[in-house]
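Asks: Here it is: the structure, laid out below.
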Amino acid sequence: MAELVLIRHGETEWSAAHRHTSYTDLDLTRDGEAQARQIGARLADRAFVAVLASPRIRALRTAELAGLDVTEVTDDLAEWNYGEYEGRTTREIRRERPEWNLWTDGAPGGESPEQVGERLDRVLAKVATLLDRGDVALVAHGHSLRVAGARWIGLPPSAGGRLRLDAGSVSALGYEHGRPVILRWNVVP
């Protein structure tokens with residue numbers, strides 16, 4: 001049965017520093033490039049009927065180094081828009097707002113969990129039609145892919161906060177007895 005493979009881009013300078021990175025377009029670090037190549041080695045025997053990617057350099061470069069042919073670039077896979085919190089760490093934000101939680105509060109000047117969920121629901125609806133033909137890969141970002149994982153199994157976008165996803169990781173979604181399930185999560189090659 002076909003799988004939906006989620007690929008989080010390799011490390012960037014900001015992801016290594018735990019800085020919220022959405023619209024800032026950063027390239028991969030050397031370690032991030034190595035992670036992308038390792039993803040490629042891990043997926044070398046896989047054929048994908050479609051590879052959808054975020055338009056950010058870090059996602060496209062990861063796909064390139066992994067040897068994946070991107071068939072569609074979509075803004076719906078872009079990272080959660082952090083608005084005023086772009087470039088800041090959770091620790092810094094909580095000095096001002098101790099109770100802040102991205103997964104329930106969203107980001108001022110950015111997106112709410114529901115808005116991110118709507119974007120990822122569109123991606124998943126498109127992917128569902130493609131999975132009849134074979135495996136599909138999504139190359140994107142930590143928080144957006146965590147929302148995709150939560151939505152795949154019928155949970156609200158906020159449930160993505162319970163699904164850790166490291167840079168350079170590979171996860172897989174699929175079906176068991178006709179129900180959407182998480183097959184593998186946060187596997188680092």
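Asks: Contour minus end-to-end for A44 and T71, with contour as 0.36 nm per residue of separation and end-to-end as the Cα-Cα distance?
Replies: Values: separation 27, 0.36 × 27 = 9.72 nm, distance 1.72 nm.
Between A44 and T71, full extension yields 8.0 nm more.
Asks: Let me ask you something else. Given labels modelled 7 Å from the Cα in the Cβ direction, how far is it in nm from T129 to A34?
Replies: Between T129 and A34, the label points sit 4.2 nm apart.
Asks: With θ taken as phi - 60° and the coefficients 6.51, -1.76 and 1.60, list the Karplus ³J(HN,Hα) couplings across the stretch 126-134 in order, rounded to whole Hz; mark glycine and proline as x.
Replies: With coefficients 6.51, -1.76 and 1.60, one gets 5, 5, 4, 6, 7, 5, 5, 9, x Hz.
Asks: Next question, about the same structure. What dipole magnitude, in Debye to the nearest 20, does the stretch 63-130 give about its Cα centre under +1 on Lys/Arg Cβ and -1 on Asp/Glu Cβ?
Replies: Numbers: 8 positive and 16 negative charges, 57 e Å.
That gives a dipole near 280 debye.
Asks: May I ask what percent, to the nearest 5, of DSSP beta bridges between residues of the stretch 1-137 are antiparallel? Don't skip to the end; give the middle numbers.
Replies: Numbers: 2 of 8 bridges.
Taking every DSSP beta bridge within the stretch 1-137, about 25 percent pair in antiparallel fashion.
Asks: Using the heavy atoms of the protein chains and a 1.4 angstrom probe, tell me the accessible area per residue for the chain in square angstrom. Kindly include the intermediate steps, with their values, before the conclusion.
Replies: Details: 8920 Å² over 189 residues.
Per residue, the chain has an accessible area of 47 Å².
Asks: Hey, another quick one. Using each residue's phi in the stretch 46-60, evaluate 6.51 cos²θ - 1.76 cosθ + 1.60 at θ = phi - 60° and report the 3J(HN,Hα) Karplus result to the nearest Hz, with x for Gly and Pro.
Replies: 9, 10, 10, 6, 7, 10, 9, 9, 5, x, 6, 3, 4, 6, 5
Asks: Right, something else. Taking the Cβ-Cβ separation of D166 and R91 as r and a Förster radius of 25 Å, what is the calculated FRET efficiency to the nearest 0.05? Please report the intermediate quantities before stating the final value.
Replies: Working: r = 18 Å, r/R0 = 0.74.
Calculated value: 0.85.
Asks: Please get the size of the charge dipole for the stretch 51-98, origin at its Cα centre, with Cβ charges of +1 on Lys and Arg and -1 on Asp and Glu, quoted in debye to the nearest 20.
Replies: It works out to roughly 440 debye.
Asks: In addition: Once the Cα atoms of helix 30-42 and of the chain are each reduced to a long axis, what angle between those two axes, in degrees from 0 to 90 to the nearest 10, is obtained?
Replies: 30
Asks: Hey, if you put +1 on the Cβ of every Lys and Arg and -1 on every Asp and Glu Cβ in the stretch 46-142, which of L65, L130, V49 ends up farthest toward the positive end of that dipole?
Replies: With unit charges placed on the Cβ atoms, the residue in question is L65.
Asks: Using a 1.4 angstrom probe on heavy atoms only, work out the carbon and sulfur share of the accessible area of the chain in %. Each step should come with its number before you reach the end.
Replies: Details: 4020 of 8920 Å².
That share works out to 45 percent.
Asks: Follow-up question, since we're still on this one. Just in the stretch 2-55: which chymotrypsin sites (Phe, Trp or Tyr not before Pro) are loop by DSSP and have at most 16 other Cβ atoms within 10 Å? Display every interim value, and only then the final one.
Replies: Values: sites: W14, Y23, F48; in loops: Y23, F48.
Sites meeting the loop and neighbour criteria: Y23.
Asks: For the stretch 91-189, which trypsin sites (Lys or Arg not before Pro) pass both filters: DSSP loop (anything but H, G, I, E, B) and at most 13 other C-beta atoms within 10 Å?
Replies: Details: sites: R91, R94, R95, R119, R122, K126, R133, R146, R151, R162, R164, R184; in loops: R133, R164.
Passing both the DSSP loop test and the Cβ count: R133, R164.
The values are calculated or read from the model by the stated rules, or taken from the named source; none is laboratory data. These numbers come from a predicted model, not from an experiment. Neighbour counts are summed over all protein chains in view; Cβ atoms, including those assigned to glycine, are modelled from backbone coordinates with ideal geometry. Surface accessibility is based on the protein's heavy atoms, side chains included, excluding ligands, DNA and RNA. Shrake-Rupley method; radii C 1.70, N 1.55, O 1.52, S 1.80 Å.
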